[in-house]
Amino acid sequence: MKQLTILGAGSWGTALSIVLAPRFETVRLWAHEAELVSRMAETRENGLYLPGFKLPANVQPASDFETALAGSAIVLGVTPSHHLRRVFTQILPYLSPEVSFVSATKGIENGSLMRMSEVMRSVLDLRNESKIAVLSGPTFAREVASGQPTAVVIASEDEEFASLIQTAFSGPTFRLYTNADPIGVEVGAALKNVIAIGAGICQGLGLGSNAVAALVTRGLAEISRLAVAMGGNPRTLSGLAGLGDLVLTCNGELSRNRRVGIALAEGMALHQILASTNFVAEGVQTTYAAVDLSRRHGIEMPITEQMYAVLRLDRPPKEAIRELMERSLKRE
């Protein structure tokens with residue numbers, strides 16, 4: 001495979017272009033903003049989303065789809081979840097029949113409640129599952145870009161296709177494990193951001209390590225319940241795309257969703273938090289979709305419900321934590 005196209009030049013898309021550049025002759029990095037593309041081409045750095053990291057010589061920024069997609073063997077989608085349907089609809093005229101797709105976006109589409117690979121498939125009208133795989137795991141973009149060791153999962157119901165992407169993407173600092181459960185991988189990837197907001201609230205309120213550990217553990221339980229109800233394998237949630245990603249996002253200083261929770265606990269309004277950064281915190285929109293999914297499947301998700309109350313209903317964070325602690329007593 002000679003060429004890779006990455007759709008989305010945020011911090012994660014840019015980090016992937018850096019770590020995957022040695023695996024391909026050419027990596028085209030598409031961004032919606034023509035000005036950003038021009039600056040990246042001139043400075044060889046994404047100063048807006050991932051400053052301090054030089055783009056390899058074979059990474060070519062592009063702002064038009066025709067240039068970005070010409071000759072690509074693999075298209076890697078890294079756009080924010082709420083833009084994914086629009087972007088993939090726009091690329092349809094420029095796709096060759098033999099192209100394969102990988103989704104690295106972590107979220108659930110509001111309204112349709114589709115996983116990201118389902119959105120891609122519905123837009124692309126693909127009937128061959130082997131054409132789409134899902135990439136996820138515990139990944140901070142800056143650590144990936146700096147070459148720190150990272151292990152992730154590549155999931156597809158077609159094991160041969162997952163193995164093909166595993167071979168194509170794996171390198172000295174970026175190790176891929178195959179998985180046959182895209183449902184579990186995508187649910188874990190999306191919902192961990194919701195729990196991370198809760199972990200940030202605990203941190204911001206000064207509730208201590210015990211509270212965060214309890215939140216992470218019970219958060220994993222409710223994510224697993226939902227994943228299984230949607231057809232996922234519970235074992236997936238104990239792996240890199242479940243527990244691994246959850247632990248990182250709930251405890252890591254670089255976690256955007258955790259920072260949202262901290263700011264909420266410190267008294268900032270959600271609209272102020274979101275307006276203060278260029279970065280997308282997927283957990284906010286995912287919380288709304290997760291509540292709808294839990295109700296659709298009849299799954300009890302108390303942490304997610306309380307995050308919804310904080311984000312959408314302006315419930316004070318302290319009150320949300322109290323509600324969780326004072327629920328009727330249960331058996332684990």
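The values are calculated or read from the model by the stated rules, or taken from the named source; none is laboratory data. Computed from a predicted model, the values in this text were never measured in an experiment. Using ideal geometry, Cβ is built from the backbone for each residue, glycine included, and neighbour counts are taken over all protein chains shown.
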*Restricted to segment 252-290, and to residues that are more than 11 Å from ILE197 (Cβ to Cβ) and β-branched (Val, Ile, Thr), which residue is farthest from the chain's Cα centre (by Cα)?*
THR277
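Results for (1) more than 19 Å from the chain's Cα centre (by Cα); (2) assigned by TED's automatic domain parsing to the domain that holds HIS82, shown as yes or no for each residue.
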{"position": "ARG121", "(1), (2)": "no, yes"}
{"position": "SER136", "(1), (2)": "no, yes"}
{"position": "LYS192", "(1), (2)": "no, no"}
{"position": "GLY200", "(1), (2)": "no, no"}
{"position": "GLY204", "(1), (2)": "yes, no"}
*Just checking, how many residues over segment 165-208 are in a strand (DSSP E or B) and among the hydroxyl-bearing types (Ser, Thr, Tyr)?*
2
_Filter result for the condition that a residue is in contact with a helix residue (DSSP H, G or I) (Cβ under 6 Å, 6 or more places away or on another chain), acidic (Asp, Glu) and over 23 Å from ALA190 (Cα atoms), over GLU66, GLU98, GLU109_ = GLU66
*Within the set of pairs 6+ apart or on separate chains, which have a first residue in segment 146-173 that is touching a residue at least 60 places away in the same chain (Cβ under 8 Å) and surrounded by 14 or more Cβ atoms within 10 Å (Cβ to Cβ), a second that is hydroxyl-bearing (Ser, Thr, Tyr) and assigned to a helix (DSSP H, G or I), and C-beta atoms under 6 Å apart?*
PHE161/SER130
_Of the residues LEU246, LEU264, LEU220, LEU237, only one is modelled with pLDDT of 95 or more and touching a Ser or Thr at 6+ places or on another chain (Cβ under 6 Å); which?_
LEU237
*Residues in segment 24-59 that are more than 11 Å from ALA9 (Cα to Cα), surrounded by 20 or more Cβ atoms within 10 Å (Cβ to Cβ) and among the aliphatic types (A, V, I, L, M): how many?*
3
*Which residue out of ALA9, ALA62 is over 18 Å from GLY147 (Cβ atoms), buried (at least 17 other Cβ atoms within 10 Å of the Cβ), of a type in the set (Gly, Ala, Ser) and over 22 Å from the mean Cα position of the chain (by Cα)?*
ALA62
_Based on this model, can you work out whether THR217 counts as out of contact with any Pro (no Cβ under 9 Å at 6 or more places or on another chain) and part of a helix (DSSP H, G or I)?_
yes
